[in-house]
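J.: Shown below is the structure under consideration.
The values are calculated or read from the model by the stated rules, or taken from the named source; none is laboratory data. Note that this is a predicted model, so its numbers are computed, not measured. As a convention, Cβ positions derive from the backbone with ideal geometry for all residues, glycine included, and neighbour counts pool all protein chains shown.
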Amino acid sequence: MRLDFRGKLFLVSVLLVLSVVLVAGGYLEGQIREWAHGRAEAELLAQARVGRVALAYDSAPADAVADQLGAASGARVTIIDATGKVLGDSEIAADELAAVDSHSDRPEVIAAVAAGEGRAVRYSATLGTDMMYIAVPFTAGAVTGTLRVARPLEEMDAAVRRLRIALGIAGLLSLAGAVVLSGLASHFLARTLRTLVEDARRAVDGEEPRVPAEPNDGMIGSLNRMAAELETTVGMLAAERSRFEAVLESMDEGVVAVDQTQQLTLINRAALGLLSLSIEHSGSTLAERIPIPALHELVQRALAGHPERREFETRTTPPRQVQAYASPLRNQQGAVVVMHDVTEIRRLERVRRDFVANVSHELRTPVSIIRANAETLLDGAIEKPEIARRFLDAQLRSADRLAALVSDLLEISRIEAGNYEISPDEIELEPIVAHTIDEVERLAQEKHIEITSDVPEDMTVWADEQALEQVLLNLIDNAVKYTPAGGKIVVRAVKRDDMVRVEVEDNGPGIEARHRARVFERFYRVDKGRSREVGGTGLGLAIVKHLAEAMDGQVGVEPSEPQGSLFWLTLPAAPD
Ligand code: ADP
C-alpha cells in the first residue's frame, strides 16, 4: 500500500508521539518506583528507630513487644538477639518461634550490626512474598540484638501499578490529542505544500500565481519573485533571439553554421537562395546538403581553429561565384560561414578588363595607320602628289575613325556614369523619323537604297528627343551601312497597348541567331572587317540599348523575311 504525502506525515507524527509517550512513561515509572521504595525505606527506618526506643523501655517479652509494634505500624517486626535467634516476630506465633532458624546470616542483620543500619530486599520464605527489610541494633537491659522491620514489596508495587495505570491513561489521552493535532497539522501542512507545488507549477508554466502573495510572504513570495524574474529573463532571451533572427534574415550575406560534427545548425534565407536549397535542413550534414568540396575544406580549417577566406562556384544553374569567410565559434562549438555573392562584381571586373583591352586595340589600329602614313610621306612620298593624296586620304579616314571612336566612347561612358540627362516628354514620332532619314539620305542615295517611312502622323511617344534621335540614327544608319546597294529599308511604328513599337527593317545580310543576342554588347561585331570598312566603332548598338532602357524602353533584333534584319525599339506611348 502506498501512502500519500498526508498519510506519511500523519504516520510519522503518530509514531513520534507514541515513542515519546512510551519512553517518558517508562522513565517516569522507574522514577516513581524508586521514589516509592525510598519513601517506604525511610518509613521503615523511622519505625525501626521508634521500635528500638520502645524496646529499651518495655520489659515485656520480646515477642509481645514485636506483636504490639507490628500491630501499631502495620509492618512485620522481628526481634533478633545477638546470636541470631529470633526472640519475637509479629507474624509468627510465640510457640513457633523456637522452630525459626537463626537470622544471624541475614544481610540486613549483618549490616545493622556492622554499620548501625541494614537494609535488604528479598523473598521471604516465611511469608512467601518479596519483602523490604530494615534492621537497626538495639539494647534492652541486658539483651542486645537487632530490631528488624519489614513490609511486603507488594504494597509498594500496588501503588506503582496504580500510578502506571494513571500514567497509561494520561499517555493514551495525550496520544489521542496528539493524533488529532498531528492529523490537523498534516492536513494544513499538506494543503500549504500543495498550494506551493501548484504555484511553482504555474510559475514554470508562466501563469499567474493562484494567490497573489505579498512581497515578503515567505516561500510563496520567493516563488512568485522567482517566477517573475524567470519570465523577465525568458522574455529578454526571446526578444534577443527574435532580434538576432531578424538581423540574420534581413542580411544579404548567406550565413551557415555547423557544429563540431559538421551538422548544420543554422542556415539563413540568403544562404538558401544563394545555394538553391529548400528550407528543411534538420539532421543533415554540410556535405549532404551542400556538395561543394571547397566549402567543406574551408569549414574543416575553421573547425581546426584557422579562419580563412575562399572563393568558389556554386553547383546551381546558373552557377554563382561566392566568396566565403569561415571562422570557428567560441569554445570550439562549431564554425560559422558568411557568404557573399560576388558573381556580379566578378562579371563587371571582367567586362571592364575586356573593355580596356578592346578600347586599346581599337585605338591602336587608326593611330598606327596615321603614323605609318606620315612616315611614308616624310620618307619621300610627299614629293609624289598622286601617291601623297592616297596616304593623306587614309590618314583622314583613320582620324575620322579615331574621332568617331572617341566620341562614342565619351558618349557611352557619359551614359554609364549616369551623366546623360534623360528628360522625357511627349514627342511626335513622325517628324523625328523623317529628320533622321534625311541625315542618312546622302549615303542611301549613293548606295541606291530606298528608305520608306510608315509612321502614323499623330503617333506620339514619351521619350527624350535627343536620345530618341540618336537611337533612330544608329539603327537607320546601321541598316544603310550593312545593306548592300539597291536594298530597301522600312521604318514603321505601331502602337500596342501603352507602348509604341518602332521597327527598322532592311533586306540586307541579316544577323545569324548566335550573334543576335550579342550585337548589343560593346565592341561586338559580326564581321569586324565589314564594320571597319563602313566606319563602325562597335559601340553603336550598345549606346542604343543604354538609351532605350534609360527611356523605359527595350530594343531587340529579329530576322526579316525572306532576308535581312529587323531591329525594334519599344517606348512608352505618351499619356493621353
Ligand atoms: P558598328 O559600329 O560596328 O556598326 P554596332 O554596335 O552599331 O557597331 O553594330 C554591331 C554589329 O551588329 C555590327 O558590327 C554588325 O555586324 C551588326 N549589325 C548592326 N546592324 C546591322 C544590320 N542592319 N544588318 C546586319 N548587321 C548589322
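J.: Restricting the search to the stretch 1-21, which residues are at pLDDT 85 or above and touching a helix residue (DSSP H, G or I) at 6+ places or on another chain (Cβ under 8 Å)?
T.: Hits for the stretch 1-21: nothing passes.
J.: If we scan the stretch 358-366, do we find a residue that is over 30 Å from Phe520 (Cα atoms) and surrounded by fewer than 16 Cβ atoms within 10 Å (Cβ to Cβ)?
T.: Within the stretch 358-366, the subset over 30 Å from Phe520 (Cα atoms) is none.
The answer is no, given that none of the residues of the stretch 358-366 is over 30 Å from Phe520 (Cα atoms) and surrounded by fewer than 16 Cβ atoms within 10 Å (Cβ to Cβ).
J.: Here's something else I'd like to know. So Asp354 passes all but one of these: (1) more than 16 Å from Leu402 (Cα to Cα); (2) assigned by TED's automatic domain parsing to the domain that holds Ser407; (3) surrounded by fewer than 13 Cβ atoms within 10 Å (Cβ to Cβ). Which condition number does it fail?
T.: (3)
J.: If you don't mind, there's one more thing I want to ask. I need the full set of residues from the stretch 481-499 which are within 16 Å of the ligand (Cβ to nearest atom), hydrophobic (A, V, I, L, M, F, W, C) and surrounded by fewer than 22 Cβ atoms within 10 Å (Cβ to Cβ), in order please.
T.: Applying the first criterion (within 16 Å of the ligand (Cβ to nearest atom)) to the stretch 481-499 yields 481-492.
Now drop any that are not hydrophobic (A, V, I, L, M, F, W, C), which leaves 485, 489-491.
The answer is Ala485, Val490.
J.: Does the stretch 373-386 include one or more residues that are out of contact with any Ser or Thr (no Cβ under 8 Å at 6 or more places or on another chain), within 16 Å of the ligand (Cβ to nearest atom) and polar (S, T, N, Q)?
T.: no
J.: Residues of the stretch 121-133 being among the hydroxyl-bearing types (Ser, Thr, Tyr) and surrounded by fewer than 14 Cβ atoms within 10 Å (Cβ to Cβ), which ones? Give the derivation first.
T.: Here is the first cut: in the stretch 121-133, the ones among the hydroxyl-bearing types (Ser, Thr, Tyr) are 123-124, 126, 129, 133.
Answer for the stretch 121-133, where residues must be among the hydroxyl-bearing types (Ser, Thr, Tyr) and surrounded by fewer than 14 Cβ atoms within 10 Å (Cβ to Cβ): Tyr123, Thr129.
J.: Residue by residue through the stretch 505-533, note down the ones that are of a type outside the set (Phe, Trp, Tyr) and within 7 Å of the ligand (Cβ to nearest atom). Break it down stepwise before answering.
T.: Keep residues of the stretch 505-533 that are of a type outside the set (Phe, Trp, Tyr), which gives 505-519, 521-522, 525-533.
Asp506, Gly508, Pro509, Gly510, Ile511, Val519, Arg525, Val526, Asp527, Arg530, Ser531, listed by residue number.
J.: For the stretch 231-246, how many residues are in contact with a Gly (Cβ under 8 Å, 6 or more places away or on another chain) and either acidic (Asp, Glu) or outside any helix (DSSP H, G or I) (or both)?
T.: At the first step, the residues of the stretch 231-246 found to be in contact with a Gly (Cβ under 8 Å, 6 or more places away or on another chain) are 231, 234.
Adding the requirement that they be either acidic (Asp, Glu) or outside any helix (DSSP H, G or I) (or both) leaves 231.
Of the residues in the stretch 231-246, 1 are in contact with a Gly (Cβ under 8 Å, 6 or more places away or on another chain) and either acidic (Asp, Glu) or outside any helix (DSSP H, G or I) (or both).
J.: Name the residues in the stretch 538-549 that are in contact with a helix residue (DSSP H, G or I) (Cβ under 7 Å, 6 or more places away or on another chain) and more than 7 Å from the ligand (Cβ to nearest atom), would you?
T.: Ile543, Val544, His546, Leu547, Ala548
J.: Being of a type in the set (S, T, N, Q) and in contact with a Leu (Cβ under 9 Å, 6 or more places away or on another chain) is the filter; apply it to the stretch 1-47 and report the residue that is surrounded by the fewest Cβ atoms within 10 Å (Cβ to Cβ). I'd like the intermediate steps shown before the answer.
T.: Taking the stretch 1-47 first, the residues of a type in the set (S, T, N, Q) are 13, 19, 31, 47.
Next, from what is left, pick out any that are in contact with a Leu (Cβ under 9 Å, 6 or more places away or on another chain): 13, 47.
Numbers: Ser13: 18, Gln47: 22.
If we take residues in the stretch 1-47 being of a type in the set (S, T, N, Q) and in contact with a Leu (Cβ under 9 Å, 6 or more places away or on another chain), then Ser13 is surrounded by the fewest Cβ atoms within 10 Å (Cβ to Cβ).
Conditions (1) modelled with pLDDT under 80; (2) surrounded by 15 or more Cβ atoms within 10 Å (Cβ to Cβ), marked per residue:
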| site | (1), (2) |
| --- | --- |
| Ala135 | no, yes |
| Gly145 | no, yes |
| Leu172 | no, no |
| Val180 | no, no |
| Ser186 | yes, yes |
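J.: Can you pull out the residues in the stretch 396-423 that are in contact with a Phe, Trp or Tyr (Cβ under 9 Å, 6 or more places away or on another chain) and either within 14 Å of the ligand (Cβ to nearest atom) or at pLDDT 90 or above (or both)? It would help to see each step written out before you state the result.
T.: Residues of the stretch 396-423 in contact with a Phe, Trp or Tyr (Cβ under 9 Å, 6 or more places away or on another chain): 411, 414.
The one that is in contact with a Phe, Trp or Tyr (Cβ under 9 Å, 6 or more places away or on another chain) and either within 14 Å of the ligand (Cβ to nearest atom) or at pLDDT 90 or above (or both): Glu411.
J.: Still on this structure, I have one more. Residues Ser90, Ser174: which one is out of contact with any Phe, Trp or Tyr (no Cβ under 9 Å at 6 or more places or on another chain) and closer than 30 Å to Phe5 by Cβ? Outline the logic, then answer.
T.: On the way: Ser90 fails: closer than 30 Å to Phe5 by Cβ.
It is Ser174.
J.: Can you confirm whether the stretch 453-472 contains a residue that is closer than 12 Å to Leu571 by Cβ, assigned by TED's automatic domain parsing to the domain that holds His546 and within 15 Å of the ligand (Cβ to nearest atom)?
T.: Yes, the stretch 453-472 has at least one match.
J.: Does Ala573 qualify as being more than 12 Å from the ligand (Cβ to nearest atom), touching a residue at least 60 places away in the same chain (Cβ under 8 Å) and not β-branched (Val, Ile, Thr)?
T.: Details: more than 12 Å from the ligand (Cβ to nearest atom): yes; touching a residue at least 60 places away in the same chain (Cβ under 8 Å): yes; not β-branched (Val, Ile, Thr): yes.
In short, yes.
J.: Out of (1) surrounded by 16 or more Cβ atoms within 10 Å (Cβ to Cβ); (2) within 30 Å of Ile412 (Cα to Cα); (3) at pLDDT below 90, the odd one out for Ile290 is which?
T.: Evaluating Ile290 over (1) surrounded by 16 or more Cβ atoms within 10 Å (Cβ to Cβ); (2) within 30 Å of Ile412 (Cα to Cα); (3) at pLDDT below 90 leaves (2) as the failure.
J.: In the set Leu264, Leu286, which member is within 17 Å of Arg315 (Cβ to Cβ) and under 19 Å from the mean Cα position of the chain (by Cα)?
T.: Working: Leu286 fails: under 19 Å from the mean Cα position of the chain (by Cα).
On inspection, the qualifying residue turns out to be Leu264.
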